[in-house]
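The values are calculated or read from the model by the stated rules, or taken from the named source; none is laboratory data. Since the structure is predicted, the reported quantities are computational estimates derived from the model, not experimental observations. Quick reminder, even Gly has a Cβ in these numbers, built from the backbone with ideal geometry, and neighbours come from all protein chains shown. These area figures cover heavy atoms from the full protein model, side chains too; ligands, DNA and RNA do not enter into them. Shrake-Rupley method; radii C 1.70, N 1.55, O 1.52, S 1.80 Å.
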Amino acid sequence: MAEAIVKTRTGAGGVEIRDVTTPPPGPGQVRVEVAAAGICGTDLHILDGEWPTTPPVVMGHELSGTVVDCGPGVSTDWLGAGVVAEVLITDGTCGYCLRGQRNMCPNRRAIGRQADGAFTRFVVVPEVNLHRVPEGLDLVEAALAEPLACVLGALMDRPVVAPGDRILITGPGTIGLLAAQVARMAGGQVTVLGTAKDRYRLAVAEQLGFATLGLTAQVEPSDVEERYDVVIECAGAAAAINLGLAACAKSGTLVQLGIFGKSVQTDMDQFCLKNIAFVTSFAAAPRTLERALVLLSSGQIAADPIITNVSALRDWPEVFAHSRGGDGLKYMFDPRL
């Protein structure tokens, strides 16, 4: 038995610590001892009942750890390996899976939502989901590979940023500061935008070398200068996407990375009237997760300033509150604590 953070029912709330038993890995599966599991905005939406789950289910999908057991048909070469895992469990036979786009599988189930996740000591995942952590990359930093891969899917799979482009990041959270670093790698001139509650996060953005804008009062779209070639919306808020539309130059691009968790209202005509391209991505494809590990292990993406704290599972209420409150960036659990 091991402690786990479990979504026990649908709707808002229904999250608690429970003792769970991890089953042995079945055919094609491995058991991973979790070293680090990051809290994502999706986890907050799950807590609030705004994101579909199949309870009772152990939460947590941004994970790194060590393979400790292999099921039938899995090479024992995995034993002892440091790994990260793709979030989605797929059928492996549909057209999307066969093209390497498992994130688009129509029969997908998500770790931490429909299948037990990483907010516990051990998690069972399919071997096909595994990616080895490069030698020398710390497992805590490796847990950033999944959110970084999501950013790469939006910004690199279909190149969005050209050298010299003016880039505005709305929302200086983990996704925002990872996106800022990726956009700068592509040659963009990046400005990070936050609100009054984002003082800590904007300070980290400045530490990373980015220009920042901090809003101290409600700003209307009409107050924003229309000057950015690419706006990357990472806040998951209606006000941010409306602000981004206003700030995006004609024939520019708006990239949506933030998750809203509910329907929002925006002026879709602006995409047409200003000839704005709209780009997004969903989850992490295998190739983007591999690329994320390379960027983290090479130091091209700075991980340490983004990781605020690693906590025990039992501290989850206050850790979730800190994550929601914006007084830090990436909070993680180490279930071994």
Worksheet entry | Counted charge near R336, where neighbours are those whose Cβ lies closer than 12 Å (Asp, Glu -1; Lys, Arg +1) | -2
Worksheet entry | Accessible solvent surface per residue of the stretch 63-150, calculated while the other protein chains remain in place, 1.4 angstrom probe, Å² | 40
Worksheet item: With every protein chain in place, what's the accessible area of R108 (1.4 Å probe, Å², nearest 10)?
Response: 90
Practice prompt. On the protein heavy atoms, probe 1.4 angstrom, tell me the percent of accessible surface of the chain carried by carbon and sulfur.
Written response: 50
Worksheet item: Between the stretch 228-276 and the stretch 133-175, what's the alpha-carbon centroid distance in Å?
Response: 19
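Find, among the trypsin sites (Lys or Arg not before Pro) in the stretch 244-331, those assigned to loop by DSSP (not H, G, I, E, B) with at most 11 other beta-carbon atoms within 10 angstrom. Mind showing how you got there, number by number?
Values: sites: K250, K262, K274, R287, R291, R314, R324, K330; in loops: K262, K274.
Here the sparse-neighbourhood loop sites are K262.
What does the charge add up to near Q114, with Lys and Arg as +1, Asp and Glu as -1, over the other residues with Cβ less than 13 Å from its Cβ? Provide the component values of the computation, followed by the final result.
Numbers: positive: K7, R108, R109, R113; negative: D116.
With Lys, Arg at +1 and Asp, Glu at -1, the neighbours total +3.
If the chain between A211 and A312 were fully stretched, how many nm would it gain, using 0.36 nm times the residue separation less the Cα-Cα distance?
Details: separation 101, 0.36 × 101 = 36.36 nm, distance 3.45 nm.
Computed gain between A211 and A312 is 32.9 nm.
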Worksheet item: Any idea of the accessible area per residue across the stretch 240-319, 1.4 Å probe, to the nearest Å²?
Response: 46
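What percent does the relative contact order of the stretch 166-253 come to when contacts are Cα pairs within less than 8 Å and at least six residues apart? Can you show the working numbers first?
On the way: 159 pairs, mean separation 29.5, N = 88.
For the stretch 166-253, the relative contact order is 34 percent.
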Worksheet item: Given labels modelled 7 Å from the Cα in the Cβ direction, how far is it in nm from D48 to C94?
Response: 2.7
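Ignoring everything except DSSP H segments at least 4 long, calculate the 222 nm mean residue ellipticity for the chain; use -39,500 (n - 2.57) per segment, divide by total residues, nearest 500.
Values: 10 runs with 85 residues, N = 337.
Roughly -7000 deg cm²/dmol at 222 nm, from the helical runs in the chain.
Quick check: net charge around R314, other residues with Cβ under 15 Å of its Cβ, Lys/Arg +1 and Asp/Glu -1? Could you put the intermediate results ahead of the total?
Working: positive: R18, R121, R336; negative: E3, E16, D19, D315, E318, D334.
My count for the surroundings of R314 gives -3.
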Practice prompt. Please report, to one decimal in angstroms, the Kirkwood hydrodynamic radius of the stretch 131-222 built from all distinct Cα-Cα pairs.
Written response: 14.3
Practice prompt. Report the extension gain between R109 and M1 in nm, rounded to one decimal, defined as 0.36 nm multiplied by the number of residues separating them, less their alpha carbon distance.
Written response: 36.4 nm
